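Data block below; observations after.
Each value in this text was obtained by applying a stated rule to the coordinates, not by laboratory testing. As the structure is a prediction and not an experimental result, all values here were calculated from the model. Every residue, glycine as well, gets a Cβ built from its backbone with ideal geometry; the counts of neighbours run over all protein chains shown.
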Amino acid sequence: MEPIPFVDLTTEWAALKHETLARVEAVFDHGRFIMGPEIAELEGRLAEMVGVRHAIACASGTTALLMAMMALEIGPGDEVIVPAYTFAAPVECALLLGASPVLVDVEPPSGLVDVDRLEKALTPRTRAIVAVSLYGAPPDFSAINALADAHGIAVIEDAAQSFGGSREGRQSGSLARLGCTSFFPTKVLGGAGDGGAVFTDDDALACCLTEIRDHGQSGKYRHVRTGVNGRMSSITAATLLVRLKTLEAAIGNRRAVADTYDALLSDARNAGRLDFSAPDPCVASARSQYALLAENRDRVATDLRKAGIQTAVHYPEPLHLQPAFSHARRSGPLSGASRMAEKVLCLPIYPGLTASQVTRVAEAVLRSVK
C-alpha cells in the first residue's frame, strides 16, 4: 500500500501552482520584496474575514505574539499567564521582554486551558493572559475575557492553530483584544514561507503594532518606540492571497475527515481504549490537527508506522519540563499538561486525504488499541 504522510503540502499546492507563480512573478515585476502592495491587500482580506478593523501582517506567528506583548508594554516585573501545554512561543516572547511566564494547567482531552485555574494564577503583577487555541478549537473566551476584565488585565488570543474556526459565532482572531495567528506552511492557511498576523479593533494598538513591526518607525528613520524587524515578505503575502481563495473548502474537507475519524473511533472511545474531544456546539473547529489520547501512545505510533501511516506528537513534553522554562512559576499542579504530553497522538488530517485513506488510518488505530 502507498504510505500515508502526516502532511502533503505538494498535493495541497499542486492545483494552485500556476496562479501562485503568476502572483510571485508580479512581485518580481514591481521589485518591492518587503512590504509590497500584496501586504495591504492581504491585510484587508484578513481583517474582513476575521471581522476586525485591523490586521497587521508580520514575519511569523511568534513575531505576532511578541509584537502584541510589546504593544501592551509588557516588560520586567510583569507576569504573563500561559497554558503549560502548548508550543514554546508565548513563553519565549514573555521571557524576551523580561517578563515572567506563569504556567497553568489544561484539560484533557482538549488540551485547552483550565479556565477555573486562571483566577488562582492571578497576582498583582499579572498583565496578560495568553489564551491558546489547540488543534483548531478556541478555549472559552467568554469566561476568560470576563475574568480579565474584572481584574483589568489584557487577553491575547493565540490563534495559530484555529485560524478559520470560530466560537459562539465569532471568528478566531477576534475573540480577544488582540489576536495572533501563524501562516507557517503546515497551518490551515499556510504560506510558501513563514508569516503571521495580529488582529485588533483597537485603533491605537493597531498604530502601535504597525510601528513596532518596522523597527518602531512612524515614518522613514523616525523611531518613536522600540520595535523589531517584523515585516512580512511580499512573496509570502502573494502566496497567502492565493491560498485564501481555497480556505473555506479546505476547512470543510478537514472537518469531514475529522467527522469520519470521530465516527470510526467512537466505539473505542466509549470502551475507554482511547480518548478524543467530543464536538462542542459552541465551537466550529478549524481542525488543524486530529489529536487522540492513547494509553500506550508510542506503541500505537509504532504500529501505524509499520502500516505505512505517519503520525506526529504535538507536544511530547509540556513547558514546565522543558529545560529552558523549568524556572517558570507553576500555578498549581500541571497533571493535565503532563497527561497530554504522555498520551497525545496526532493523525493525518488535510484536504487531500481520501475516504479510503481515512478509513485505513482509523482501522490501524483500532487494531493497535485492541
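Note on the stretch 138-290: Cα convex hull, mean projected area over all directions, 11.6 nm².
Once the convex hull of the alpha carbons of the stretch 249-305 is built, what does its volume come to per residue, in cubic angstrom?
Details: hull volume 5.4 nm³, N = 57.
Roughly 96 Å³ of hull volume per residue.
For the stretch 218-370, the spread of Cα coordinates along the three principal axes comes to 65, 44, 35 Å, biggest extent given first. Taking only the alpha carbons of the stretch 195-235, we obtain Rg and Dmax values of 10.5, 28 Å in that order.
The share of C-alpha pairs in the stretch 208-307 whose separation exceeds 18 Å stands at 69 percent. Cross-link reach is defined here as a Cα-Cα straight distance under 27 Å, omitting same-chain residues fewer than 8 places apart; for LYS306 the lysines meeting it are LYS187, LYS343, LYS370.
Across the stretch 131-216, Cα-Cα pairs more than 19 Å apart make up 41 percent of the total.
When the expected Rg is taken as 2.2 N^0.38 Å, what fraction or multiple of it is the alpha-carbon Rg of the chain? Let's see the in-between values first.
Working: Rg = 20.5 Å, N = 370, 2.2 N^0.38 = 20.8 Å.
Rg over 2.2 N^0.38 Å, computed on Cα atoms: 0.99.
Distance between the modelled labels on ALA143 and GLU25, one decimal in nanometres: 5.4 nm (7 Å Cα→Cβ projection). Ranked by how many other Cβ atoms sit within 10 Å of their own Cβ, fewest first, the residues ASP202, ASP29 fall in the order ASP29, ASP202.
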